[in-house]
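Structure first, commentary second.
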Amino acid sequence: MIALDLSRLLSRAGRGTPTGIDRVELAYAEHLIRGGKPYCFTALTASGRLGLLQGRAGVKFVATIGAAWRGTGDAKAYDARARQIARQARLTLLAGGERPLVNQLRDATGDATYLLVSHHHLERRGVIARLKERTAARFVCLVHDLIPMEFPEYAKPGQAEHHRKRIETAAELADAFIVNSSLTRDQLQPHLDQIASAAPVLVAPFGADLPRPYPDEPAALTRPYFVYVSTIEARKNHLLLLNIWRQMSAELGPSAPLLVLIGQRGWETENVIDMLERCPGLRETVIEYNQLPDREMVRLLRGAQAMLLPSFAEGFGFPLIEALQFGVPALCSDIPALRETGMGVPEFFDPIDGIGWRSAILDYTAPQSPRRAAQLERLSRWHPPRWEQHFTMVDRLLAEIAETGLVQDAPGSRALM
């Protein structure tokens, strides 16, 4: 019995554009629904305990929020329906308390696993410890990144310590870990070594599940353009691109390419927002979409000259594999996560090398760009990571820890169930 925590998805109902972590939790939920193995959905209640999400409600919610994000049918109607289901689910969770979940996991006769694939409430050690104590369930945790600890300057105030508590909870209580890259594994391992945790760490890259475009879909834009898919926040380095585009607009006028920004506005980005809203030189060359269903995003993505990823830090880089999946070249920051995910296909630049980025953007704008042609040649030999491969590895890990019958119940120790 796998108990997948859907706390993050429930909290994201009504958000038109999912983040990478949202996509991961959705993919896990859909995998369990399709898989035919015993599972249930759980979520944190308003009283601070883990409760059982009713089976039909959980399945309906997953299908509805997936349809809203992917843009299949009336996305706004699905979005409203997802909010309604989420509200009802939270009321039901609160009314039911933790006993239904505890009973269900106990009835799994020693074969129960609590699976948390977001960082939602991971800092609340007592919640997870209580569930393990009451049910003898194993705890498997997916760690996406350690960016708030490694780069606190790009996080909200206090977020570094908040994330440290998450990692400490995971290190102390998790019986196994899933990570998205070797980089994340290498950053996590010292925290496990510090308490002599023997929990295995599985490196399993994520897949991409964007909808395929309609066969005869017209081009999204007639003018050459570049796309950046990302929440607008400091570490994503939007300011570099906006300064480049302001300069190109002044020098090239109508001949300058367009920049399409897809993503919600985040925190502490006043300088970026000021440029987007008040800079005259960007009004004709920068297009911003804060909420866009996946199908519309794909339509824009597949016609772009390249995906731009100038961020200072990443744990994986979803937009990179999404671009490469549709045969779109990428220009990326020269950082470890994007090099690992890109597997030698993109071009890489220092994230503060404005001259290098500008030169590449202008070259990729040209109809017969040799650099773009060279990347397309590399891309023709690239094979995208797939969710099927990810879940084959994850299912194997879950089966292996079930066979061992081991549960980590204290830092540095292992106990038989």
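No value in this document is a laboratory result; all are computed from the given coordinates. Keep in mind that what you see is a predicted model, and the values were worked out from it rather than measured. Here the Cβ positions follow ideal geometry from the backbone for every residue, glycine too, while neighbour counts run over all protein chains shown.
Label points 7 Å out from Cα along the Cβ direction at Arg124 and Glu296: separation in nm?
A separation of 3.4 nm, rounded to one decimal place.
When the chain is fully extended, how far beyond the present Cα-Cα distance does Arg223 get from Glu268, taking 0.36 nm per residue of separation?
Residue separation times 0.36 nm, minus the Cα-Cα distance, leaves 13.0 nm.
Mind giving me the nanometre distance, one decimal, between the label points for Glu277 and Asp111, set 7 Å out from Cα along Cα→Cβ?
About 5.6 nm separates the two model spin labels.
For the chain, what is the charge dipole size about the Cα centre, in debye to the nearest 20, if Lys and Arg each add +1 at the Cβ and Asp and Glu each add -1 at the Cβ?
So the magnitude is around 1240 debye.
Quick check: net charge around Arg99, other residues with Cβ under 15 Å of its Cβ, Lys/Arg +1 and Asp/Glu -1?
After counting each charged neighbour, the total is +1.
Full extension from Leu362 to Ala46: what is 0.36 nm times the residue separation minus their Cα-Cα distance, to one decimal in nm?
Extra length available between Leu362 and Ala46 comes to 108.5 nm.
Among 287-293, 325-331, how do they line up by average Cβ neighbours within 10 Å per residue, starting with the highest?
In decreasing order of mean packing, 287-293, 325-331 become 325-331, 287-293.
Relative to the compact globular guide of 2.2 N^0.38 Å, what is the alpha carbon radius of gyration of region 282-410, as a ratio?
So region 282-410 has a normalised radius of gyration of 1.33.
So what is the calculated 222 nm ellipticity per residue for the chain, using -39500 (n - 2.57) for each DSSP H run with n of 4 or more, over all residues, to the nearest 500 deg cm²/dmol?
About -14500 deg cm²/dmol.
For each pair in Lys37/Lys132; Lys37/Lys60; Lys60/Lys156; Lys60/Lys165, compute the distance between the two Cα atoms and list the pairs where it is over 24 Å. If you can, show how the numbers build up before the last one.
Values: Lys37/Lys132 21 Å; Lys37/Lys60 18 Å; Lys60/Lys156 34 Å; Lys60/Lys165 33 Å.
Where the Cα-Cα span goes over 24 Å, the pairs concerned are Lys60/Lys156; Lys60/Lys165.
With a bin width of 5 angstrom, please list the P(r) values of region 77-205 as percents of all Cα-Cα pairs, from the 0 bin to the one holding the largest distance.
Answer for region 77-205: a P(r) of 2, 10, 16, 18, 17, 14, 13, 8, 2, 0 percent.
Work out Dmax and Rg for the chain from the C-alpha atoms and quote the Rg first, both in angstrom.
Cα only, the chain: 22.3, 70 Å (Rg, Dmax).
With a point put 7 Å past each Cα toward its Cβ, work out how far Thr392 is from Arg339 in nm, to one decimal.
Output for this residue pair reads 2.8 nm.
How much length is gained if the chain between Asn103 and Lys156 is pulled fully straight, taking 0.36 nm per residue apart and subtracting their Cα-Cα distance, in nm to one decimal?
15.2 nm
What residue among Gly51, Gly73, Gly207 shows peak mean-square fluctuation when the chain is described by a Gaussian network model with Cα springs under 10 Å?
Gly73
At a Förster distance of 25 Å, what's the computed FRET efficiency of Glu403 paired with Glu133, Cβ-Cβ distance as r, to 0.05?
Details: r = 22 Å, r/R0 = 0.89.
Efficiency, from the Cβ-Cβ distance: 0.65.
Taking only Cα atoms and a 10 Å spring cutoff, compute GNM fluctuations for the chain and point out the largest among Pro18, Pro367, Pro190.
Pro367
Percent antiparallel among DSSP beta bridges with both residues in the chain, to the nearest 5?
Here the antiparallel bridges make up roughly 15 percent for the chain.
About the Cα centre of region 194-299, how large is the charge dipole given +1 on each Lys and Arg Cβ and -1 on each Asp and Glu Cβ? Please answer in debye to the nearest 20. Don't skip to the answer; put the middle values down first.
Values: 10 positive and 13 negative charges, 27 e Å.
For region 194-299, the charge dipole is close to 140 debye.
Which of the peptides 368-379, 142-153 is most tightly packed, and how do the rest follow, judged by the mean count of other Cβ atoms within 10 Å per residue?
Peptide ranking by packing, descending: 142-153, 368-379.
Can you give the FRET efficiency for Glu284 and Ala373, using 1/(1 + (r/R0)^6), R0 = 25 Å, r = Cβ-Cβ distance, to the nearest 0.05?
Rounded to the nearest 0.05, the efficiency is 0.30.
Remind me, relative contact order of region 261-417 in percent, using alpha carbon pairs under 8 angstrom and six or more residues apart? Could you put the intermediate results ahead of the total?
Numbers: 153 pairs, mean separation 23.3, N = 157.
Across region 261-417, relative contact order equals 15 percent.
With springs only between Cα atoms under 10 Å, which of Ala174, Ala256, Ala43 fluctuates most in a Gaussian network model of the chain?
It is Ala256.
Along the charge dipole of region 225-379, Cβ charges K/R +1 and D/E -1, which of Gln368, Gln305, Val260 sits furthest on the positive end?
Gln368
With Cβ to Cβ distances under 12 Å as the rule, what net charge do the other residues near Pro148 carry (K, R +1; D, E -1)?
Net local charge, Pro148 excluded: -1.
Over the Cα atoms of region 262-343, how large are the radius of gyration and the largest Cα-Cα distance (Dmax), in Å?
Computed over the Cα atoms of region 262-343, radius of gyration and Dmax are 14.0, 39 Å.
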